[in-house]
Every structure is written in C-alpha cells, then in structure tokens.
Amino acid sequence: MLALEIAFWTSVALLVHTHLAYPLLLWAIARLRGRAPAAVGPVREAPDVSLIVAAHDEEAVIERKVRNALGLDYPRDRLEVIVASDGSSDRTAELARIAGADLVLELPRAGKVAAQNAAVERARGELLAFSDANAFWAPDAMLQLVASFADPRVGYVCGQLRLTADGSANEEGAYWRYEMAVRELESDLGGITAGNGAIYATRRDSYIVLDSARGHDLCFPFAMTKRGWRALYAPGAVAEEKMAPTIGGEFARKRRMMNRTWGVVLRDGMLSPRGYGPLYSFQMISHRALRYASPFLHLLALGTNLALLGHGAIYTVTLAIQAGAIVAAALGAVIPIRPLRLAHYYAMVEGSILAGLWDRLRSGTAVTWDKVEGTR
C-alpha cells in the first residue's frame with residue numbers, strides 16, 4: 001500500500017511541478033537574480049543575413065512571404081532571401097522568383113531540414129535566419145533577432161510566434177501564450193529549451209547540419225548549449241501565423257511533431273545532463289522530460305488512485321477530481337464553453353504525445369509531411 005501511495009503522490013507532484021510550479025520557480029529565480037537589460041536596439045553595423053524559407057507546395061502564400069521578407073526594416077544590401085523548394089509540384093518556385101527572392105532552389109523532395117541544409121550551403125550571410133512560408137514577420141523582427149547576437153556567446157535566437165485564428169475551435173493560442181511566457185523566463189536564466197520554426201536565427205559558425213529525421217526547433221537549443229553557445233528568446237521579434245482551425249488538425253500536427261521528438265529524446269542525448277550547467281539541466285528535466293512523461297504520469301495517477309480507493313477519504317476526492325477532468329475534456333469536444341474546450345485541448349496534447357510515440361515505434365520517423373489544412 002505504501003508503494004501505491006508513493007507512486008500516486010509522486011506522479012501528482014511531478015505533474016503539478018511541470019505545469020505550474022516550474023514557471024513559478026523560474027519567475028522567483030528571475031526576480032531574485034534580477035533581469036539583465038535586453039540587448040536590443042538599433043543595429044549600427046548590420047551583418048549580412050540570409051533568410052531561408054523552406055517550402056513545399058506553398059503557391060498560396062509564397063509571394064506574400066517573399067514580399068514580407070523583402071519589406072523588413074533591414075538594409076536591403078545586407079539581406080539575402082532564399083526560397084528552398086522541397087520537391088514542390090505547384091508554382092512555388094516560379095512565384096518566389098516573381099516576388100523577387102534572391103535565390104530559389106528547386107530541390108528533390110527530401111524534407112524541410114534537408115532543404116534548409118541545402119540552402120545554408122548556398123547562403124552568403126554570416127547570420128542565418130529561418131522562417132516558415134506561412135509565417136509573416138513584423139517589420140522590425142529581423143533587427144530584433146540580429147540585436148541579440150551582439151553577445152558573442154549567443155548561437156541561437158528564437159522570436160515570438162503569435163497565432164491568429166478566425167473563429168477557430170483550437171485552443172493552441174492559449175497554450176502558446178503560456179509557453180512563450182515560460183520561454184522568456186528560461187531565456188533570462190539558463191537558456192531556452194526549444195524554439196519554433198516560424199522565426200529564428202543562428203550564426204553560421206553555430207549552425208548544425210541535422211539529418212532529415214530531426215528538426216531545428218527542438219534540436220538546436222539543447223545541441224548548441226552542449227557546444228557552449230547560448231540559446232535565447234527575443235520576444236520583440238514577432239511573427240504571425242494561422243493556427244490549425246480545428247482540434248483534429250492540431251492533433252495531427254502535434255502527433256507528427258512528437259514522432260520526431262521521441263527520436264530526439266530517445267537517441268540524441270537531449271535529456272542527458274552532459275554539457276549542461278545545473279540550471280539548464282533543471283530546465284530540461286522540468287520543461288522537457290516531465291512534459292513528455294505527462295501522459296504516463298496521468299495514467300499512473302489514475303491507476304494508483306483507483307487502487308487506493310477505500311484507504312482514506314482523500315483518495316475519493318482525488319479520484320473525483322480526475323474523473324471530473326476527464327468528463328470536462330470529453331464535453332469540450334461538443335460544448336463550446338471555454339473551460340471545457342481548454343480541458344479538451346489539454347487531453348488532445350497528452351494524447352498526441354502517446355500517438356507520436358506509437359507512430360515512431362510502429363513505422364519509424366517520417367521526414368516529410370504535408371501542411372495542415374486551413375493554416376494558409
């Protein structure tokens with residue numbers, strides 16, 4: 001019985017820690033240490049930057065994307081815009097040229113990372129910026145990213161992605177705002193533990209050539225940290241992107257992401273503390289390891305709670321709370337009330353972690369995929 005109680009309360013404590021206590025601890029640590037002033041301001045000597053957009057069948061948005069890139073508040077002679085068409089079967093390459101891209105690569109279909117690697121080989125910039133075809137940057141976004149590299153220790157900088165929705169039933173926006181707040185606190189301390197594909201940059205010297213089964217947003221922050229670089233978040237560098245309009249579309253997106261993520265977690269030493277400082281190790285355990293373990297912790301908490309019924313009133317109360325959360329998540333699929341929709345979204349996220357692991361164990365890692373409907 002004692003073993004069941006330990007398992008139950010440990011699983012509950014770990015879930016509370018990763019979702020609630022960890023951000024509060026980061027906030028408290030940041031307040032105690034004080035926040036360093038952000039190294040953001042006018043760029044006196046603008047470095048050469050190559051902005052790389054990997055695209056597959058993006059004719060619906062590629063012209064707008066290229067024009068958005070060319071319209072950034074950054075010296076035009078210092079900015080190179082590269083579109084790497086990953087086996088597109090539509091007019092992506094043609095329209096990118098019409099819009100004025102400096103270099104358009106027409107590549108065989110090999111996946112986003114392979115297209116990015118090919119573009120880096122041809123890029124002339126000392127800084128390499130990356131963006132998705134459907135992510136549109138604020139005019140000063142490049143300046144904000146570049147300013148962070150004034151610190152020679154910085155190897156990776158991720159900007160702020162704002163998700164837009166027109167009547168969407170997807171609650172990804174609420175989660176993303178929470179995630180960005182946590183990321184800003186991490187950046188002030190040990191460094192961020194993950195990025196996003198919409199807006200980020202690296203030094204050419206810090207760029208890591210990954211295979212197609214990996215992704216920059218997950219691998220670059222921890223891999224660069226292990227190599228002695230800092231990985232930061234620049235909230236002033238803003239990009240906007242449409243979120244998936246439905247929970248089903250968001251589940252499919254997260255499922256494919258977790259398929260890759262499990263490969264990184266299980267094979268690439270992401271959770272190994274070697275090369276990390278104590279604070280960054282704490283962040284990786286709290287924000288990554290426990291997040292990916294959350295569905296298993298939920299199952300453990302529910303199973304041990306059922307086994308402990310009749311051994312104290314507290315276990316009746318905790319089971320009622322868990323049952324209520326399950327019912328709320330189920331109702332959120334059909335009743336458009338915000339708290340219920342948030343519960344449904346959370347259950348979807350936890351389910352995508354398990355589904356991604358199942359996909360990986362069953363069929364390995366997919367290196368290519370198609371865009372989610374409604375995000376263009």
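Give me the net charge for the shell around Ser272: Cβ to Cβ below 13 angstrom, other residues only, Lys and Arg +1, Asp and Glu -1.
Working: positive: Lys226, Arg267, Arg274, Arg288; negative: Asp268.
Computed value for this residue: +3.
Based on the alpha-carbon gyration tensor of the range 15-168 and its eigenvalue square roots a ≥ b ≥ c, which shape applies: rounded if a/c is under 1.5, prolate if not and a/b is larger than b/c, or oblate?
Note, shape of the range 15-168 comes out prolate.
May I ask for the angle, rounded to the nearest 10°, between helix 313-331 and the longest principal axis of the chain, with both axes built from Cα atoms and the value confined to 0 to 90°?
The answer is roughly 40 degrees.
Between Asp90 and Leu20, what is the label-point separation in nm under the 7 Å Cα-to-beta-carbon projection?
So the label points at Leu20 and Asp90 sit 4.5 nm apart.
For a test of the definition: using alpha carbon positions, the gyration tensor, and the 1.5 limit on a/c, classify the range 234-313 as rounded, prolate or oblate.
The shape class here is oblate.
Around Val81, under 15 Å between beta carbons, what's the net of Lys plus Arg minus Asp minus Glu among the other residues?
Residues close to Val81 contribute a combined charge of 0.
Restricting to the chain, compute how many DSSP beta bridges are antiparallel as a %, nearest 5. Walk me through the numbers before you get to the answer.
Values: 9 of 36 bridges.
The antiparallel fraction comes to roughly 25 percent.
Tell me the net charge near Tyr175. Cut-off is 11 Å between Cβ atoms, Tyr175 excluded, with +1 for each Lys or Arg and -1 for each Asp or Glu.
Computed value for this residue: -2.
Quick check on packing: order 150-162, 189-201 by the mean number of other C-beta atoms within 10 Å, highest mean leading.
Working: 150-162: 20.7, 189-201: 24.4.
The most tightly packed comes first, giving 189-201, 150-162.
Is the range 295-356 rounded, prolate or oblate when judged by the Cα gyration tensor, a ≥ b ≥ c being the square roots of its eigenvalues, rounded requiring a/c under 1.5 and prolate requiring a/b larger than b/c?
Verdict is oblate for the range 295-356.
Distance in nm between label sites at Arg362 and Ala28, each 7 Å beyond Cα in the beta-carbon direction?
4.3 nm
Under 15 Å from the Cα of Lys112, which aspartates and glutamates turn up, not counting those fewer than eight places away in the same chain?
Qualifying aspartates and glutamates at Cα under 15 Å: Asp57, Glu58, Asp86, Glu121, Asp132, Asp211, Asp217, Asp370.
Would you mind checking the tilt of helix 22-33 against the longest principal axis of the Cα atoms of the chain, expressed as 0 to 90 degrees and rounded to 10?
Helix 22-33 and the main axis of the chain meet at about 60 degrees.
Give me the one-decimal nm value for the distance between modelled label points at Leu2 and Ser281, 7 Å along each residue's Cα-to-Cβ direction.
Going from the Leu2 label point to the Ser281 one covers 2.9 nm.
Just in the range 1-109: which GluC sites (Glu not before Pro) are loop by DSSP and have at most 11 other Cβ atoms within 10 Å?
Passing both the DSSP loop test and the Cβ count: Glu45.
Could you work out how far the C-alpha centroid of the range 14-32 sits from that of the range 121-163, in angstrom?
28 Å
When the label point is put 7 Å from the Cα of Ile208 along its Cα-to-beta-carbon vector, which residues of the range 246-284 have a backbone N closer than 16 Å?
Correct set: 260-277, 280-281, 284.
Among 23-29, 134-140, 224-230, how do they line up by average Cβ neighbours within 10 Å per residue, starting with the highest?
Descending mean neighbour count gives 134-140, 224-230, 23-29.
Each reported figure results from applying straightforward, stated rules to the coordinates on display, with no laboratory input. If you're wondering where the values come from, they're calculated on a predicted model, not measured in any experiment. A quick note on method: Cβ atoms are made from the backbone with ideal geometry, for glycine too, and the neighbour counts reach across all protein chains shown.
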